[in-house]
2 protein chains.
Amino acid sequence: MKDFANEKWTRRSLLTAIGLAGGTAAMYDAMLSMGYAANSDFSDPITLQGDAKGASVIILGAGIAGMVAAYEMRKAGYKVKILEFNNRPGGRNWSLHAGDSYTDIGGTTQKVDFAPGQYFNPGPWRLPYHHQGILHYCKMLNVPLESFVMYNNAALVHSAGAFGGKPKRFREVAADYEGHISELLAKATSQNKLDDQLDKDEKDGVLQMLKTWGGLDKNYEYRKGDQTSDFRGYDIPPGGGLMPGPVPSDIMPRKELFNSSLWNALYFPKQWDFQGQLFQPKGGMGEIGKAFGKLLDGVIQYDCKVTNIRQDETGVTVTYINSKTGGAPKTEKADWCVNTIPVSVLSQIPMNVGPKMRAAIDSLPYLPAVKVGLQFKRRFWEEDDNIYGGNTYTDQPIFNISYPSHGFFEKGPAVLLGAYIYRSGMRVYNFEALSAQEQIEAALEQGSKIHPQYRAEFMTGVAVAWHRVPWTLGCSGLWNDALREKHYADMCAVDNRIVLAGEHCSRLMAWQEGSVLSALDAITRLHKRVMSA
Amino acid sequence: MKDFANEKWTRRSLLTAIGLAGGTAAMYDAMLSMGYAANSDFSDPITLQGDAKGASVIILGAGIAGMVAAYEMRKAGYKVKILEFNNRPGGRNWSLHAGDSYTDIGGTTQKVDFAPGQYFNPGPWRLPYHHQGILHYCKMLNVPLESFVMYNNAALVHSAGAFGGKPKRFREVAADYEGHISELLAKATSQNKLDDQLDKDEKDGVLQMLKTWGGLDKNYEYRKGDQTSDFRGYDIPPGGGLMPGPVPSDIMPRKELFNSSLWNALYFPKQWDFQGQLFQPKGGMGEIGKAFGKLLDGVIQYDCKVTNIRQDETGVTVTYINSKTGGAPKTEKADWCVNTIPVSVLSQIPMNVGPKMRAAIDSLPYLPAVKVGLQFKRRFWEEDDNIYGGNTYTDQPIFNISYPSHGFFEKGPAVLLGAYIYRSGMRVYNFEALSAQEQIEAALEQGSKIHPQYRAEFMTGVAVAWHRVPWTLGCSGLWNDALREKHYADMCAVDNRIVLAGEHCSRLMAWQEGSVLSALDAITRLHKRVMSA
């Protein structure tokens, strides 16, 4: 690790300098040579070099990608206009508060009657620390961020078929899983069964390591006692004065734990996307979209449903109607177009692009996802169960309960995420087929198996099934390796005067960071085209 | 798990009811039968039943234990007075802000010149979620709490002797450690070497489990690729549009990792005390002490150095002098005494208690600890390295660097914990023997090995060595099993009219929760004595 500080270079200013001088490739080389594994593909400030000479650009969609594109291109001298389907900025960056309402594609309207200050994010809800692009815009927009609790050792793991359907604490599952595998590996090691793998001098080290990390006793066994309870929790924890205890807790038998699916939950917090530290905007994820919309006041035209996109040698003409009232089509013309409409919707809009981009647009399926927000009379998960934020997982269809990372210890009503179903498969489609009321009922029914307080404490709820959201018809682009190989480059390439952007044009599916990086990459390439035009 | 909600009982109200009816032992039985492993020995509200008939109590020390005792006994009808050595409430609950100064036992005064709003906690700094006692008083006192980041996957692990002294990210150490042990165990399993341990039907499950959790490839090997980089991070992470990458990162060779001490760091966040979710008071830990002091306005007499404690059949007489100016001794008399003076100090004060308590007082050594707070010009750990809160560990004497869990993304100066040395052994004593300036210099020197920005960004610092703090002469009671067996019950027993309280009278060494639970337990037993007197 070189001492850049002494050279009066911060790492970022150095990288920016390299980026300006040598472009992106040079910058990546430099990052690697500095001995850091990169946290992000983002580097600020983005600079579109050269004079756009007042060229105009029409941007379709005032989601994160569209607003990033608009902001940066306006800064570079472009005349910018955004057409947006909704009557608010943000797109999937969206929080529902008291008084809001939402109408799905079937015409069902839900009116949100949460308590004041309570909210629910139907879309994105967490910002990993390495998503430096979206974090940059939060800072720029002065959107205050607070800690998002992803992993909480006191949160629960539940399987209907394991341990009589009784939920276990994450700390118990983690400690017992790691303890049991440590014991197994210690046995194999001490009984010389891994002598083909481990040098003689390595063996003692491995045993000591497993003993410490796994909580094994002096015989390298994972047994009930203070050592294991210090990881998994006590029946009666160490107290003060002459209080009773400590009394250690029973461990889960290895076979029963391994045969359950509970250990699956240990996988989630290990993933790059979900590793701490994470953040959330104070007051709801939608605060980013709101602030961005304010910054772009006058640039965004709301309630526009795009019906046709046509490019020729002179520019791009977009036809649209009022998304609420219909009426006579209007047109808007510009030199260039950044199109962030989700391709689930875009595939239904006539647009004269080449066959490759068309094939890409028509080939990408969208991830189904349902989220249910439930408001309860009080924070029973905190008051009764001492769970402050974090995620509980179950093998029931609701999959994921998430406790609010804000308002800890407050009295009065609070909203939690009562279901988050986002994996593909019939389970999600079945759930999506339910009405909003049925989805809320299912979240209550299944959640009650984990939190028996649910029924008595429930007040109100809201459910959003993303395949039924009129302006996205799905949660996010659902790439797999084969699709990516065949269509991704064509999806992202500039087609004459049109470039697509959004999370579907990124490798960060369903993440706002994908939208940001896609937009920055798309406008950088479009700008090059403009400069050489 | 019974459905108490349907019976209109919250768990807590039920426990309180049981506690009131049947006392503590009945309550513990009830907690266990409800199928929960307890999170805490605390249950609120504490109720001292029966009329104290205006009995008076003198409490020595306005730390957390003393103030809890004063508040609860006053509520139960006692006449209460606290004598406190310092000119502020809180004791070890203490935050240093700009303008504060601290003088150690050698007479060296440090003046704190942090930027406005910045602070450093020389004493306690984190509140685990299961410390329900201290959390209860935070709520009661309206001390706002915010998330404390204990474990951050992006924080660093450093060993001078490993990997050329280059720090590694926690995520890299965790992924590679868990990957390598998974591969070893998968090998032993698939090569039938654990057939005496694992049933035939268990083996496939174990292999699948290790593959998922360990990030193994289809041959059950831990190899460089997308799967492992999804845990440990990429050299170039997945990006947007046609950005380069992803490029997976190299994994650390097993032998080099296992032979290093880096895996030790994985032990810390596994411990019950350090498991998430954790909290900190907004504005510094000292906010609790301040708020408690305000609540007890008029009860606490500051600047009192106790010089003699004498009990007889009529009461307890405490002699004290002004802790700053000395002067003529004064006395204060009460019916009963709750004595929270750390026994490191108390052992030097004449007090007529029985030989058992005396032996206990004279036998308990105190844990040494040094903390160094460093203010830098900017949050380079966030801006350059994307570390937002959490702890870095090194095998250098400074041991622990901790990044602030508040003020994320702010511009301007910020304070981090530059050293936290609390294990016993010569390393701590050697560090304690340095002057404050030398301690700060050592923190800078060693910290520079991890963060090369240190020297260029440093502004000012403060160092507190707890064996030199005049009013504690150490960080906390340092019990071991043998000492606990011999002296703990005697330390905690009521000696005629005197009972001791504080973290040293608890099984939660150096934790404020120990002070709270000790105080509650001590006054409950003292009150019984009063009622039967």
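Any read-out appearing in this document is the output of simple, stated calculations on the displayed coordinates, not a laboratory observation. Computed from a predicted structure; not experimentally measured. Ideal geometry is used to build each Cβ from the backbone, glycine not excepted, and the neighbour counts take in all protein chains shown.
A few notes on this one:
- Copy-to-copy label separations for B:Glu221, where each label sits 7 Å from Cα toward Cβ, in nm and ascending: 3.6
- Measuring max minus min along each principal axis, the C-alpha atoms of region B:58-148 give extents of 43, 33, 19 Å (largest first).
- Average Cα contact separation per residue, region A:28-170, under 8 Å, 6 or more apart, as relative contact order %: 17
- Projected-area mean, region A:210-356, by convex hull of Cα positions, square nanometres: 19.3
- Seen against the Cα atoms of chain B and their longest principal axis, helix B:512-532 is set at about 30 degrees.
- Neighbouring Cβ atoms from other chains, within 10 Å of the Cβ of residues in A:273-283, number 4 on average.
- Note on region A:80-126: along the principal axes its Cα atoms extend 38, 29, 17 Å, ordered by decreasing extent.
- With a 10 Å cut-off around each Cβ of B:167-175, the average count of Cβ atoms from other chains is 2.
- Position B:Thr47, label points 7 Å along Cα→Cβ, spacing to each other copy in nm (shortest first, one decimal): 7.2
- Shape analysis of chain B yields a ratio of the Cα radius of gyration to the Kirkwood radius, Rg/Rh, of 1.02.
- Cα gyration tensor, region A:456-533 - rounded (a/c under 1.5), prolate or oblate: prolate
- When the GluC sites (Glu not before Pro) in region B:470-533 are filtered for DSSP coil states and for at most 16 other beta-carbon atoms within 10 Å of their beta-carbon, no site remains.
- Over all pairs of different C-alpha atoms, region A:39-193 has a mean inverse distance whose reciprocal, the Kirkwood radius, equals 20.9 Å.
- Two-site label geometry, A:Arg358 and A:Asn430: point separation in nm, points 7 Å out along Cα→Cβ: 4.0
- Between 0 and 90°, nearest 10: helix A:64-75 axis offset from chain A longest Cα axis: 50
- Mean Cα-pair separation over length for region B:263-372, i.e. relative contact order, pairs under 8 Å, 6 or more apart, %: 17
- Neighbour-count ranking [beta-carbon atoms within 10 angstrom, fewest first] of B:Glu441, A:Glu438: A:Glu438, B:Glu441
- Here's the list of aspartates and glutamates a cross-link from B:Lys356 could span, going by alpha-carbon distance under 12 Å and ignoring same-chain residues fewer than 8 apart: B:Asp490, B:Asp495.
- Gain upon complete extension [B:Glu445, B:Lys224; 0.36 nm per residue less C-alpha separation]: 76.1 nm
- Shortest first, B:Ala533 label-point distances to identical copies amount to 9.1 nm, with the label point at 7 Å from Cα along Cα→Cβ.
- Between helix A:436-448 and chain A: long-axis angle, C-alpha atoms, 0 to 90°, nearest 10: 20
- Expressed to the nearest 5 percent, the antiparallel share of DSSP beta bridges inside the protein assembly as shown is 75 percent.
- Rounded to whole Å, sorted largest first: equivalent-ellipsoid semi-axes of region B:402-487, Cα gyration tensor: 31, 16, 13
- The orientation-averaged shadow of the Cα convex hull for region B:36-108, equal to a quarter of the hull surface, comes to 8.2 nm².
- Separation between Cα centres of region B:181-195 and region B:218-246, rounded to whole Å: 26
- Region B:396-472 and region B:106-137: distance between their alpha carbon centers, rounded to Å: 14
- Estimated 222 nm signal from helices in chain A, with DSSP H stretches of n ≥ 4 weighted -39500 (n - 2.57), rounded to 500: -10000 deg cm²/dmol
- Among the trypsin sites (Lys or Arg not before Pro) in region A:44-107, those placed in a DSSP loop whose Cβ has at most 11 other Cβ atoms within 10 Å are A:Lys53.
- Ignoring lysines fewer than eight residues from A:Lys139 along the same chain, the ones with Cα atoms less than 23 angstrom from its Cα are A:Lys75, A:Lys282, A:Lys290, A:Lys294, B:Lys282, B:Lys377, B:Lys411.
- Based on alpha-carbon atoms, the Kirkwood radius and the radius of gyration of the protein assembly as shown give Rg/Rh equal to 0.99.
- Residue-wise HN-Hα couplings along region A:205-221, as the Karplus relation 6.51 cos²θ - 1.76 cosθ + 1.60 with θ = phi - 60° gives them from phi, are x, 5, 4, 4, 4, 5, 5, 5, 6, x, x, 7, 7, 5, 8, 6, 10 Hz; Gly and Pro carry x.
- Panel note: the C-alpha atoms of region B:160-260, placed on their principal axes, show extents of 48, 39, 17 Å (largest first).
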